[in-house]
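The structure appears right after this line, and notes come after that.
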Amino acid sequence: TNPLAGQIPDQSYRIQPLVCITTNWGYYAEWNPSGNITNNVDISGGYVTALAGPVGDQRVTEVGNPGTPGVWYNQWALLNQAFGPNFQDNADVIIKVTYYDDPALAGSSLFPNLYSSMVNGITVQLSAPQTTNKIAILTGSGQWKEATFEIPDVNFQSGSDQTVCRFAQFSSAPISVSRVRFDVMRPCGPWQGIDYLQSLGMNKTNAQIKLNWLGQAALQSALLVSGSYNNLLSVTNSTNNIYTPTMTNSAQFFRLKFPAYPTNLSTSPIYP
């Protein structure tokens, strides 16, 4: 039953509950063809793939499209409206990109560029804020590396395909990207605050350790890094979480176990 049926509320009120009150829309999507994972993400029209990487670890990558001289662009399409319909409130999106740190491209850069956002009810194109996004600079290590970015006000409406953003590269040749992961930080509802891409935070004050994480998850612990792990605390629908473990003279290892991902949104395994 639609609780808003028969009403004509303003748009901002109408679209927010559509995503938050249901589990039909997801919060995580991934493109990783070398890992046989295409969870509701694919290359956008006009983009192609090619093998790249060091000897012994070559992977399928998206080839950047040329812009002006020395500039290349990457973009991925969201499939099946996995994060919800076009017309919804802006979303806070965490992005993790795996790229080849090519020795021939040392000093080149990779970063989120243009994205759509809803401002006063109108969809506009914005540049990703550099205050929250550090540009990934290639060092030429010859290894695969990861960079994490955040765009706090993404609207998924963008032409015929839904997208999160366009990436730009300042480079003499395309930087090879083998994997891209998106996580929407929902402000409410059953998936509130979940961030598959986070690391478990750990702060030390004097001799006391405090663990912190975002969104619902079970905090687990073990005496050995290989397990077995047992639940210490299960959290539901809480954005910011802090846990203070009992201090012992023995080693302890901690991890997060997230809720099961909606099976209707993915036909391939998920490996955050």
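A short reminder: the numbers here are calculations on the coordinates, not readings from a lab. This is a predicted model, so every value here is computed, not measured. As a convention, Cβ positions derive from the backbone with ideal geometry for all residues, glycine included, and neighbour counts pool all protein chains shown.
On a full-extension model of 0.36 nm per residue, what is the gain between Asn240 and Thr23, subtracting their alpha-carbon distance, rounded to one decimal in nm?
Taking Asn240 through Thr23 to full extension adds about 76.0 nm, to one decimal.
Normalised by the residues of the stretch 86-189, what does the relative contact order come to in percent, with Cα pairs under 8 Å and at least six apart?
Reported as a whole number, the value is 46 percent.
Annotation: amide H of Gly67 within the under-5 Å range of Trp72, Tyr73, sequence separation 5 or more or interchain, hydrogens built in the peptide plane. For Leu79, the residues 5 or more places off, or on other chains, whose built amide H falls under 5 Å of its own are Val41, Asp42.
For the stretch 202-246, the residues whose backbone nitrogen is under 13 Å from a point 7 Å from the Cα of Lys257, taken along Cα to Cβ, are 217-222, 227-235. Whole-Hz Karplus values for the stretch 239-252 come out as 6, 10, 10, 9, 9, 10, x, 5, 6, 9, 8, 10, 5, 10 Hz, taken residue by residue from phi with 6.51 cos²θ - 1.76 cosθ + 1.60 and θ = phi - 60°; glycine and proline positions read x. When the chain is described by a simple charge dipole with +1 on each Lys and Arg Cβ and -1 on each Asp and Glu Cβ, the residue from Leu78, Pro259, Gly53 located farthest towards its positive end is Pro259.
Mean silhouette area of the stretch 88-207, derived from the convex hull of its C-alpha atoms and averaged over all directions, reads 10.7 nm². Bridgeable aspartates and glutamates around Lys257 (alpha carbons under 14 Å apart, same-chain partners fewer than 8 residues away excluded): Asp195.
The amide H of Asp101, built 1.01 Å from its N in the peptide plane, has Gly142, Gln143, Trp144, Lys145 as neighbours under 5 Å, considering only residues 5 or more places off or on other chains.
About its Cα centre, the dipole of the chain is roughly 560 debye, where the only charges are +1 on Lys and Arg Cβ and -1 on Asp and Glu Cβ. Note on the chain: Rg/Rh from Cα positions, Kirkwood definition for Rh, rounded to two decimals, is 1.00. Cβ screening of the chain for cysteine pairs under 4.7 Å finds these without a partner: Cys165.
Using C-alpha pairs below 8 Å separated by at least 6 residues, the relative contact order for the chain is 22 percent. DSSP beta bridges confined to the stretch 77-194 are antiparallel in about 95 percent of cases. Label-to-label distance, Glu146 versus Leu233, with points set 7 angstrom from Cα along the beta-carbon direction: 2.4 nm.
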